[in-house]
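Novice: This structure is in structure tokens; I'll ask about it shortly.
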Amino acid sequence: MHASTVRSLLVRGMLAGLIAGLLAFAVAYVVGEPPVDGAIAVEEAQAAQEAHAGHGGGAAGAPEAAGEEEGAVSRPVQSTFGLATGVLVYGVALGGIAALAFSFALGRVGRFSPRATAALTAAAAFTTVYLVPFLKYPATPPAVGNPDTIGKRTTLFFLMILLSVLLGLAAVVAGRRLAPGLGNWNATLAAAGGFVVVTAIAFAVLPANDDAVKAGFPAALLWEFRLASLAVQAVLWAVFGIVFGALAQRALTSRTAAADASAPLGAPLAG
């Protein structure tokens, strides 16, 4: 693929990521922020009970806590501007990366149209980058885990992302190599089955996050947060696949038409 075409797809991928990020932000604000507020309320209530028990019901330590929160970003800013900035930057960055992956996959994973290839790329990215790591290390609200192990938990989560992406790439390569002997459908099933088996082994080998959630945290609130997190990612990648597929289809079709129109009369056209 020509460098100018890849650059054009990269720009369109970032634009699609921005649009997907806007809709993902709306979902995160509507369904994601209430469980976050609930988790913060639970944490504050537990902290107040511990302070009350530790100081015999007095107000000792309250001025220090107020001073610590005074310079922090307010919760309304975090839930609006901060959330929007994070989700949009995330969407644009992943949109660009997914566009580069699309440029590599187009024509190499089957005779799919650009729109279908974009949908497959988005589905594969959602599965490997988020869904598989989520199944092993599901998201937790802020301030509910052990702060002493946050470094370990973060390392395990990103290790699971890296492993999932590598296994996904290996499954694609295996499917391509098996296709001549088994046929496309059987090769796809075999590669997908191998991905599931090896991923299950990785789930069993990697350690669990036993201290990711404090004892006594409401289970209903925890699952509400996790489902909201899953919904945000699903909307982000679904919208990206739809929008980028339309943009890529239009861009590649117009470039092919322009190349055909500029070819000399009687000259063979590029495939």
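Yes or no, residue by residue, for (1) at pLDDT 90 or above; (2) of a type outside the set (Gly, Ala, Ser); (3) farther than 16 Å from VAL196 by Cα:
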| position | (1), (2), (3) |
| --- | --- |
| ALA122 | yes, no, yes |
| ALA125 | yes, no, no |
| THR128 | yes, yes, no |
| LEU135 | yes, yes, no |
| PRO142 | no, yes, yes |
| PRO147 | no, yes, yes |
| ILE150 | no, yes, yes |
| THR155 | no, yes, yes |
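Novice: Please enumerate the residues belonging to region 231-251 that are at pLDDT below 90 and either outside any helix (DSSP H, G or I) or within 30 Å of VAL132 (Cβ to Cβ) (or both).
Specialist: Listed by number, the residues that qualify are ALA248, GLN249.
Novice: Also, I was wondering about something else. Suppose we filter region 81-105 for residues that are out of contact with any helix residue (DSSP H, G or I) (no Cβ under 7 Å at 6 or more places or on another chain) and of a type in the set (S, T, N, Q); how many remain?
Specialist: 1
Novice: In the list PHE126, PHE112, which residue meets the criterion of being outside any helix (DSSP H, G or I) and either within 18 Å of GLY241 (Cβ to Cβ) or of a type outside the set (A, V, I, L, M, F, W, C) (or both)?
Specialist: Working: PHE126 fails: outside any helix (DSSP H, G or I).
Result: PHE112 is the single residue among PHE126, PHE112 that is outside any helix (DSSP H, G or I) and either within 18 Å of GLY241 (Cβ to Cβ) or of a type outside the set (A, V, I, L, M, F, W, C) (or both).
Novice: Let me ask another. Out of all the residues in region 55-76, is one or more open to solvent by 60 Å² or more (accessible area, probe 1.4 Å), assigned to a helix (DSSP H, G or I), of a type outside the set (D, E, K, R) and at pLDDT 70 or above?
Specialist: yes
Novice: A further question on this structure: Do the conditions hold for ALA187, that is, is it farther than 25 Å from LEU236 by Cα and buried (at least 17 other Cβ atoms within 10 Å of the Cβ)?
Specialist: Values: farther than 25 Å from LEU236 by Cα: yes; buried (at least 17 other Cβ atoms within 10 Å of the Cβ): yes.
Answer is yes for this residue.
Novice: Kindly indicate whether LEU265 is at pLDDT 70 or above and either open to solvent by less than 70 Å² (accessible area, probe 1.4 Å) or part of a loop (DSSP other than H, G, I, E, B) (or both).
Specialist: no
Novice: Right, something else. State the number of residues belonging to region 207-230 that are small (Gly, Ala, Ser), open to solvent by less than 50 Å² (accessible area, probe 1.4 Å) and either assigned to a helix (DSSP H, G or I) or at pLDDT 75 or above (or both).
Specialist: Of the residues in that region, 2 qualify.
Residues are listed down the side, and each one gets a yes or a no for (1) among the aliphatic types (A, V, I, L, M); (2) farther than 23 Å from LEU106 by Cα:
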| residue | (1), (2) |
| --- | --- |
| LEU167 | yes, no |
| VAL173 | yes, no |
| ARG177 | no, no |
| TRP185 | no, no |
| THR188 | no, no |
| VAL197 | yes, yes |
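The values are calculated or read from the model by the stated rules, or taken from the named source; none is laboratory data. What you see is a predicted model; the values in this text were computed from it and never measured. Ideal geometry is used to build each Cβ from the backbone, glycine not excepted, and the neighbour counts take in all protein chains shown. Note: accessible area is taken over every heavy atom of the protein model, side chains too, but ligands, DNA and RNA are not part of it. Shrake-Rupley method; radii C 1.70, N 1.55, O 1.52, S 1.80 Å.
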